[in-house]
Amino acid sequence: MSSTAEALSPERSPADALAQRVVDAALGTVDILSIYLGDRLGWYRSLDVDGPATADELAARTGTNSRYTREWLEQQAVTGLLDVADGEHPSFALSRAGAEVFADEHSLAYLAPLARLLCGAAKRLPELLEAYRSGGGVGWARYGRDARDGQADMNRPWYEHSLADALGSIPEVDRLLRAPGSMLADLGCGGGWSTIALARAYPEATVRGVDIDRATVELARANVAAAPEVAVRVTVTEADAAALPRGGYQAVFAFECVHDMPRPVEVLAAARRALAPGGVMIVMDEAVADTFAAPGDETERLMYGFSLTVCLPDGMAHPASVATGTVMRADTLRRYAEAAGFAEFEVLPIEDFGFWRFYLLRE
Ligand SMILES: C[S@@+](CC[C@H](N)C(=O)[O-])C[C@H]1O[C@@H](n2cnc3c(N)ncnc32)[C@H](O)[C@@H]1O
């Protein structure tokens, strides 16, 4: 406990204060688990699309059990996530804010996927214990659909709303991307939302998404197919980004994936070789502090959480891994970029873009 916290509550012992913090964390965990249930069982969606419901109505609408819907609805009201209108059969409703946070996949406030991602990680705890003992890992594919969808849907609104403006705010980059016939690559493209957003923002460009995980590639292809206005200019390939062929790309992107890669220098070197003369690589990764310092801010705390449960074990699931983890500091990426043969490295002046920071790498 910090001396400041003790000074603020002199009547509370440090042990009591710490115990309270654990209780608060337990309450947050309960919320996350309940959000996962409401998301995956379609309960939030039903309350959003079909309106308020009693427990019986919600069960009937979603093909679930009414004893469970009652417990969940009451829990959601008690914890303050749903509104309730009392009556013989209470009716429960999503507020406007709740509709955005739990059911609107286009909103920057949409955070149901965060519960999916965390619960997907929690399902792997027995394997994580084993990996922590042996020094092995847990590969991304093992985290399954919850993590895959959670990851893709968490980032989607940022790409849809903010990527075009962010790139447009850097004139040099915008000019390159706008060039007639420009070719762009999106490494570690995940669900393809960044790939689609690039194609939407730059109507002259062809965009190639690359991901090493088959199920992820299938997800990305399905998402691209559902965006017919860009589908003809977008391809998604299942491949190791380190095998990216020389390609004359004006820009190669890597959105929130370099820290996951077991051998990032190989991937960055392949990206460099694949660039056309004058081309650039743009990396978006976590906006963590420049150096380790404790206590850290919310971004740092969240990223260490992902690192413990997903990204570090994923990185360590492969041979000869540099084991970066989610907390990839700017200097770490700078080192990787230099080792990959990039001569220039800069942090782009793109602010307020979720948890992320943009880097530009140039020969
Ligand atoms: C944290 S996810 C980010 C996905 C996506 N860029 C996004 O912003 O949502 C990391 C992705 O990188 C992919 N990946 C990891 N190593 C890779 C490699 N060597 N080549 C291609 N993709 C890789 C994983 O399969 C996963 O889909």
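The values are calculated or read from the model by the stated rules, or taken from the named source; none is laboratory data. None of these values were measured; they are calculated from a predicted model. A quick note on method: Cβ atoms are made from the backbone with ideal geometry, for glycine too, and the neighbour counts reach across all protein chains shown. SASA here: full protein model, heavy atoms, side chains in, ligands and nucleic acids out. Shrake-Rupley method; radii C 1.70, N 1.55, O 1.52, S 1.80 Å.
Observations on the model:
- In terms of Cα atoms, the Rg and Dmax of the stretch 36-83 work out to 9.4, 25 Å.
- Alpha-carbon centroid distance for the pair the stretch 126-197 / the stretch 270-305, whole angstrom: 12 Å
- Counting only Cβ charges, +1 for Lys and Arg and -1 for Asp and Glu, the dipole size of the chain around its Cα centre is about 1260 debye.
- Figure note: T216, T332, T291 ranked by solvent-accessible area, largest first, 1.4 Å probe, ligands and nucleic acids not counted: T291, T332, T216.
- Extension gain, E204-R301: 0.36 nm per intervening residue step, less the Cα-Cα distance, totals 30.9 nm.
- Our estimate of slack between A85 and E218, defined as 0.36 nm per intervening residue step minus the Cα-Cα distance, is 43.6 nm.
- Where only DSSP H runs of four or more residues are counted, the chain gives -14500 deg cm²/dmol as its mean residue ellipticity at 222 nm, each run worth -39500 (n - 2.57).
- Note on H106: accessible area is roughly 80 Å² with a 1.4 Å probe, heavy atoms of protein only.
- Model label sites at A231 and R40, defined 7 Å from Cα along the beta-carbon direction, differ in position by 3.0 nm.
- Distance between the 7 Å Cα→Cβ label points at H318 and E238: 1.6 nm.
- Where only C-alpha atoms are counted, convex hull volume of the stretch 121-362 per residue in Å³: 115 Å³
- Around the Cα centre of the stretch 4-104, unit charges on the Cβ atoms of Lys, Arg, Asp and Glu (plus for the first two, minus for the last two) sum to a dipole of about 260 debye.
- Modelled this way, with points 7 Å down the Cα-to-C-beta line, the labels at L308 and D50 are 3.9 nm from one another.
- Chain lengthening between E344 and A276 when straightened (0.36 nm per residue, less Cα-Cα): 22.9 nm
- Beta bridges per DSSP with both ends in the chain, % antiparallel, nearest 5: 40 percent
- E363/A289 FRET efficiency (R0 25 Å; Cβ-Cβ; nearest 0.05): 0.30
- Shape summary of the stretch 1-109, radius of gyration then Dmax from alpha carbon positions: 17.8, 54 Å.
- Residues of the stretch 4-104: accessible area per residue with a 1.4 Å probe, Å²: 60 Å²
- Between the residues T79, L111, L177, the greatest Cα displacement towards the positive end of the dipole of the chain, with unit charges on the Cβ of Lys, Arg, Asp and Glu, is found for L177.
- With coordinates expressed along the principal axes, the C-alpha atoms belonging to the stretch 224-363 extend over 47, 38, 35 Å, beginning with the largest.
- Comparing mean-square fluctuations of P180, P295, P157 from a GNM of the chain with C-alpha springs under 10 Å, the top value falls on P295.
- Put D260, D50, D285 in order of accessible area, highest first, and with a 1.4 Å probe you get D50, D260, D285.
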